[in-house]
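What follows is a short report on a single structure.
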Amino acid sequence: MAVITKQVETFIREFFDQNPLSHVGLVTTKDGVASCLTDLGGSPEAHIKSLMGKLECSGDASLQNALDLVHSNLNQIPSYGHREVLILYSALSTCDPGDIMETIQNCKKGKMRCSVIGLAAEMFICKHLCQETGGTYSVALDESHFKELILEHCPPPPAIAEYATANLIKMGFPQRAAEGSVAICTCHEEAKTEGGYTCPRCKVRVCELPTECRICGLTLISSPHLARSYHHLFPIVPFVEISASSQNDPSHRFPNTCFGCQESLLSQGNKPELSVYCPKCKQQFCFDCDIYIHESLHNCPGCESFRHSKSITTAQ
């Protein structure tokens with residue numbers, strides 16, 4: 001339980017860091033019953049607080065009851081949103097009141113993508129659930145492997161064309177309230193003085209972003225949140241590895257330094273090391289920069305500098 005609590009906390013923080021506009025809800029199953037630990041929401045601290053306070057286990061697990069509860073919650077998600085379920089399952093059986101195969105088909109019809117991380121042995125019903133709904137199924141070997149598996153679910157999955165519909169969403173960009181100004185916070189329903197944000201539509205105060213205004217229902221976000229969600233829509237293309245034969249070819253002239261970190265790409269003896277290049281801007285990068293660009297930066301420095309220099313030339 002200590003391992004699960006620790007890794008779920010890590011997952012929640014990492015998930016909201018990569019998906020600031022997404023919502024998460026926690027459901028537990030014990031004694032044959034599924035219960036909602038937290039409702040769908042965008043506050044990582046609220047989820048972690050509930051997780052630390054009430055996580056315990058007893059009796060039999062019911063996969064069907066958990067899926068039914070999750071299905072009823074995710075049915076409210078609009079068509080442009082992903083409906084994902086990540087199940088951490090440590091039981092070796094499931095005690096269900098009805099036909100779980102029917103529940104799995106309901107999840108499939110509801111366009112819910114269910115993935116399972118098993119903490120014990122592999123189970124057929126979990127594997128069948130993942131296969132039917134298009135999710136992934138894996139069994140953790142130890143704590144480090146479990147952390148690796150759960151963090152793989154932080155990036156959003158690719159959108160399925162038949163499910164992805166374009167919609168305009170109304171969003172508000174609230175201003176930061178002045179420190180020391182007293183206002184009643186709608187999140188906690190009490191007077192607070194430590195800043196907060198003011199809804200641009202109905203002018204009420206909220207504590208943190210992103211969230212949904214409890215008065216007018218407007219989605220409240222900041223511009224950095226929107227920017228962090230943007231890169232998932234247009235991921236950087238994989239860089240191409242430069243072969244040793246190409247590097248030694250006199251007709252292909254490659255620079256001796258990485259465009260990103262400016263470190264030398266020559267090994268001892270002035271022999272070129274393995275490197276990659278961007279297929280769009282043709283700039284060359286070392287492997288460390290390649291990993292950093294694709295996993296953290298989400299922008300190619302070569303393409304950005306080319307775009308920036310082009311805009312300056314146009315302005316002149």
**Conditions (1) among the aliphatic types (A, V, I, L, M); (2) modelled with pLDDT of 80 or more; (3) open to solvent by 50 Å² or more (accessible area, probe 1.4 Å); number of the one not met by Ala315** = (2)
**Request:** State which residue pairs qualify: first residue outside any helix (DSSP H, G or I) and inside the stretch 1-20, second residue modelled with pLDDT under 90 and open to solvent by 20 Å² or more (accessible area, probe 1.4 Å) in any location, beta carbons under 7 Å apart, and separation of 6 or more residues or different chains.
**Result:** Met1/Leu55; Met1/Cys57; Asn19/Pro156; Asn19/Ser229; Pro20/Pro210; Pro20/His225; Pro20/Arg228; Pro20/Ser229
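Condition check ((1) modelled with pLDDT under 80; (2) among the hydrophobic types (A, V, I, L, M, F, W, C); (3) open to solvent by less than 30 Å² (accessible area, probe 1.4 Å); (4) out of contact with any Gly (no Cβ under 6 Å at 6 or more places or on another chain)) across all residues:
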{"residue": "Cys216", "(1), (2), (3), (4)": "no, yes, no, yes"}
{"residue": "Ile221", "(1), (2), (3), (4)": "no, yes, yes, yes"}
{"residue": "Ala227", "(1), (2), (3), (4)": "yes, yes, no, yes"}
{"residue": "Tyr230", "(1), (2), (3), (4)": "yes, no, no, yes"}
{"residue": "Pro235", "(1), (2), (3), (4)": "yes, no, no, yes"}
{"residue": "Pro238", "(1), (2), (3), (4)": "no, no, no, yes"}
{"residue": "Glu241", "(1), (2), (3), (4)": "no, no, no, yes"}
{"residue": "Asn248", "(1), (2), (3), (4)": "yes, no, no, yes"}
{"residue": "Arg253", "(1), (2), (3), (4)": "yes, no, no, yes"}
**Asked** Which number in (1) in contact (Cβ under 8 Å) with a residue 60 or more places away in the chain; (2) surrounded by fewer than 19 Cβ atoms within 10 Å (Cβ to Cβ); (3) touching a Ser or Thr at 6+ places or on another chain (Cβ under 9 Å) marks the one condition that Ile150 misses?
**Response** (2)
**Message:** The conditions are (1) assigned to a loop (DSSP other than H, G, I, E, B); (2) within 20 Å of Thr38 (Cβ to Cβ), and Asp68 fails exactly one of them. Which is it?
**Reply:** (1)
**Request:** Those residues that are outside any loop (DSSP other than H, G, I, E, B) and free of Cβ contacts under 8 Å to residues at least 24 places away in the same chain, I need them from the stretch 115-147; list them, please.
**Result:** Phe124, Lys127, Cys130, Gln131, Tyr137, Ser138, Val139, Ser144, His145
**Prompt:** So is Val8 in contact with an Asp or Glu (Cβ under 8 Å, 6 or more places away or on another chain) and over 18 Å from Gly135 (Cα atoms) or not?
**Reply:** no
**Item:** Within the stretch 30-65, tally of residues that are of a type in the set (A, V, I, L, M) and part of a loop (DSSP other than H, G, I, E, B)
**Value:** 2
**Prompt:** Do we have Ser93 as free of Cβ contacts under 8 Å to residues at least 24 places away in the same chain, of a type in the set (Ser, Thr, Tyr) and open to solvent by 50 Å² or more (accessible area, probe 1.4 Å) here?
**Reply:** no
**Message:** Just to check your reading of the model, which residue among Glu295, Glu263 is modelled with pLDDT of 70 or more and more than 28 Å from Pro156 (Cβ to Cβ)?
**Reply:** Glu263
**Request:** Would you check if there is a residue in the stretch 8-22 being modelled with pLDDT under 90, open to solvent by 50 Å² or more (accessible area, probe 1.4 Å) and in contact with a Pro (Cβ under 9 Å, 6 or more places away or on another chain)?
**Result:** yes
**Message:** under 29 Å from Ser229 (Cβ atoms), open to solvent by less than 60 Å² (accessible area, probe 1.4 Å), of a type outside the set (Val, Ile, Thr) and touching a residue at least 40 places away in the same chain (Cβ under 8 Å): is that true of His82 in this structure?
**Reply:** no
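The values are calculated or read from the model by the stated rules, or taken from the named source; none is laboratory data. A quick note: this is a predicted structure, and the numbers were derived from the prediction, not measured. No Cβ is skipped: glycine too gets one built from the backbone with ideal geometry, and neighbour counts run over all protein chains shown. When the accessible area is computed, the model is the full protein with side chains, heavy atoms only, and any ligands, DNA or RNA have been set aside. Shrake-Rupley method; radii C 1.70, N 1.55, O 1.52, S 1.80 Å.
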